Amino acid sequence: VHTTGPNKALVFSGGCLGGRQVHTIIGGWGWAWCCLSNVQTISLEVMTLNPTCKHVETIEGVPLTVTGVAQVKVIADESILALACEQFLDLDVHRIQNTIL
């Protein structure tokens, strides 16, 4: 039996689900075959990113350094969650942030 809080999603694959099918559970529980199923997690927390572009020039040749702040989150929509799982499944928040930046 696997459980998760509302800030993570459980992703089940393999076992009785067949080849490429996956089943996701957000803020709940599910069970999996111990040797046949694969259970992974993805974070649904808000992540704060600080992108920076240093020493860039405008068309006129003016040097700039630009710093921004962005807050991103994986939406619990099925299609978006499936796409996020393809890219970020089983990565911790810091590795996701580094990949996005």
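What the table shows:
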| read-out | value |
| --- | --- |
| Test: V39 is touching a helix residue (DSSP H, G or I) at 6+ places or on another chain (Cβ under 7 Å), open to solvent by less than 50 Å² (accessible area, probe 1.4 Å) and among the aliphatic types (A, V, I, L, M) | no |
| Subset of the range 68-101 that is farther than 30 Å from S13 by Cα and open to solvent by less than 100 Å² (accessible area, probe 1.4 Å) - its residue that is nearest to the chain's Cα centre (by Cα) | A70 |
| Count of the range 75-90 residues which are touching a helix residue (DSSP H, G or I) at 6+ places or on another chain (Cβ under 8 Å) and free of Cβ contacts under 8 Å to residues at least 40 places away in the same chain | 2 |
| Looking only at the range 13-36, and only at residues there that are open to solvent by 90 Å² or more (accessible area, probe 1.4 Å) and over 20 Å from the mean Cα position of the chain (by Cα), the one that is modelled with the lowest pLDDT | C16 |
| The range 55-68 residues that are hydrophobic (A, V, I, L, M, F, W, C), paired with ones that are open to solvent by less than 100 Å² (accessible area, probe 1.4 Å) and part of a loop (DSSP other than H, G, I, E, B) (beta carbon under 9 Å, 6 or more apart) | L64/T58; V66/P51 |
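The values are calculated or read from the model by the stated rules, or taken from the named source; none is laboratory data. These numbers come from a predicted model, not from an experiment. Neighbour counts are summed over all protein chains in view; Cβ atoms, including those assigned to glycine, are modelled from backbone coordinates with ideal geometry. To get the accessible areas, we keep the full protein, side chains included, count just its heavy atoms, and leave off ligands, DNA and RNA. Shrake-Rupley method; radii C 1.70, N 1.55, O 1.52, S 1.80 Å.
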